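See below for the structure under consideration.
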Amino acid sequence: MILFIGVLPVSGQNAADYIQADINLIADGQNVPAEEGFLSQNNVILVPIHTLHSIFGPSFEWEFDGWKISILYGDKKLVMYTANPNCLNGDKLVRLPARPTVHNDAVMVPLRYVAEELGAAVLWSQEIRSVMVSTTGETEWFSEISRGKTMRSVHKNKTVVIDPGHGGSNPGAVYGNVEEKSLNLKVSKILKDKLTASGVAVYMTRTDDRDVGLYERAEIANKLNADLFVSVHHNASPNTSAQGVMTLYYPSTDDSVFSGRKFAQIVQKHLVNTLKTRDWGIIPRPELVVLRQTRMPAVIAELGYMTNKAELQRLVTDDFQEKAAQALYTAIMEALQQ
Ligand SMILES: [Zn+2]
């Protein structure tokens with residue numbers, strides 16, 4: 001159940017490349033979001049150094065002069081360099097498993113190496129695609145979180161409504177023998193399982209092939225007083241070369257709260273990072289019923305174009321559906337922290 005970070009699957013990449021790692025970081029039982037995201041190189045996870053600072057607290061001191069990175073914690077001193085695998089650990093020269101770098105203006109350092117040197121325990125859980133860090137070295141909660149148990153207490157009051165678009169007499173987009181309604185339902189079911197395993201209460205507006213009215217879908221979410229509403233769709237266009245993902249939201253004027261727009265940004269970010277496809281961005285759609293009538297942050301995720309031959313071939317695969325569900329799952333978990 002608990003595997004080491006070294007087994008993170010990275011396919012078709014040059015091992016020396018930095019790639020975006022769509023994972024969660026859980027430190028001392030709490031989810032730790034990183035705005036700059038996480039990277040991996042040689043299957044090693046790198047995290048922003050200020051994220052480590054937030055995990056280890058004020059006694060974690062660090063400095064960066066544009067090249068040299070110094071970390072001071074208790075009597076431990078680590079000196080490393082961007083684009084360089086060498087690390088001065090006290091007076092010992094060691095070779096890092098990945099080279100520190102700068103990404104989105106953040107200094108990125110190898111998580112496991114630094115955390116373990118500072119006395120923390122680190123484990124990778126493939127099941128919830130999370131790196132777990134215990135600064136005290138106490139690890140009993142690791143297996144509980146992997147099984148979704150402790151997260152259940154973190155998220156036990158959260159409700160998410162998943163809305164598989166169309167259904168019944170309304171197939172949505174149809175291309176060849178593929179109907180949008182069934183693609184929407186497949187991804188939604190995988191997403192539901194992931195959220196349920198993390199302790200989130202999930203309600204689906206339909207779990208089989210049936211008609212559900214648009215107002216009824218919104219009303220279900222309002223009655224449950226849900227925290228988030230996610231409608232799953234696939235796109236179609238007269239332009240058959242169009243490919244990629246977009247996220248739709250209802251434009252509200254109050255941006256001081258966690259709005260549909262902010263939720264849409266998180267969803268779109270994870271879809272683009274995970275599916276590595278064209279980014280159409282987030283799009284305000286004030287006229288769409290499920291977005292307008294819902295009283296919580298709501299999005300419609302358009303996972304790809306069924307009208308594009310190459311993309312349609314991808315959309316019908318288990319691999320794509322798993323990745324799309326994983327991206328939505330990670331986005332929802334991040335949004336529930338807001
Ligand atoms: Zn649709």
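Structure values in brief
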quantity: Failed item in (1) closer than 19 Å to T51 by Cα; (2) in the same structural domain as V316 (by TED's automatic domain parsing), with P100 passing the rest; calculated: (2)
quantity: Test: N235 is free of Cβ contacts under 8 Å to residues at least 60 places away in the same chain and within 16 Å of the ligand (Cβ to nearest atom); calculated: no
quantity: Scope region 271-324; condition buried (at least 23 other Cβ atoms within 10 Å of the Cβ) and either among the basic types (K, R) or modelled with pLDDT under 95 (or both); matching residues; calculated: none
quantity: Pick from region 187-215, criterion of a type in the set (D, E) and within 16 Å of the ligand (Cβ to nearest atom), ranking: surrounded by the most Cβ atoms within 10 Å (Cβ to Cβ); calculated: D209
quantity: All positions within region 280-338 that are of a type in the set (A, V, I, L, M), under 13 Å from L191 (Cα atoms) and away from the ligand (no atom under 16 Å from the Cβ); calculated: A325, A327, A331, I332, M333
quantity: Failed item, numbered, when D227 is tested on (1) away from the ligand (no atom under 16 Å from the Cβ); (2) more than 27 Å from the chain's Cα centre (by Cα); calculated: (2)
quantity: L271, sole failed condition from (1) within 15 Å of the ligand (Cβ to nearest atom); (2) within 16 Å of G165 (Cβ to Cβ); calculated: (1)
quantity: Condition check for T253: hydroxyl-bearing (S, T, Y), away from the ligand (no atom under 16 Å from the Cβ) and within 22 Å of N24 (Cα to Cα); calculated: no
quantity: Failed item in (1) over 30 Å from Q293 (Cβ atoms); (2) outside the structural domain of G66 (by TED's automatic domain parsing); (3) without any contact (Cβ under 8 Å) to a residue 40 or more places away in the chain, with P171 passing the rest; calculated: (1)
quantity: Near pairs, Cβ below 9 angstrom, 6+ apart or cross-chain, from region 293-322 (without any contact (Cβ under 8 Å) to a residue 12 or more places away in the chain and in a helix (DSSP H, G or I)) to any residue that is within 16 Å of the ligand (Cβ to nearest atom) and not small (G, A, S); calculated: D318/K186
quantity: All strands (runs of 3 or more DSSP E) inside region 35-104 with 3 or more residues being of a type in the set (A, V, I, L, M); calculated: 44-48, 68-73, 76-81
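The values are calculated or read from the model by the stated rules, or taken from the named source; none is laboratory data. Bear in mind that the values here come from a model prediction, so they are computed numbers and not experimental data. Glycine also receives a Cβ, built like all others from the backbone with ideal geometry; neighbour counts cover every protein chain displayed.
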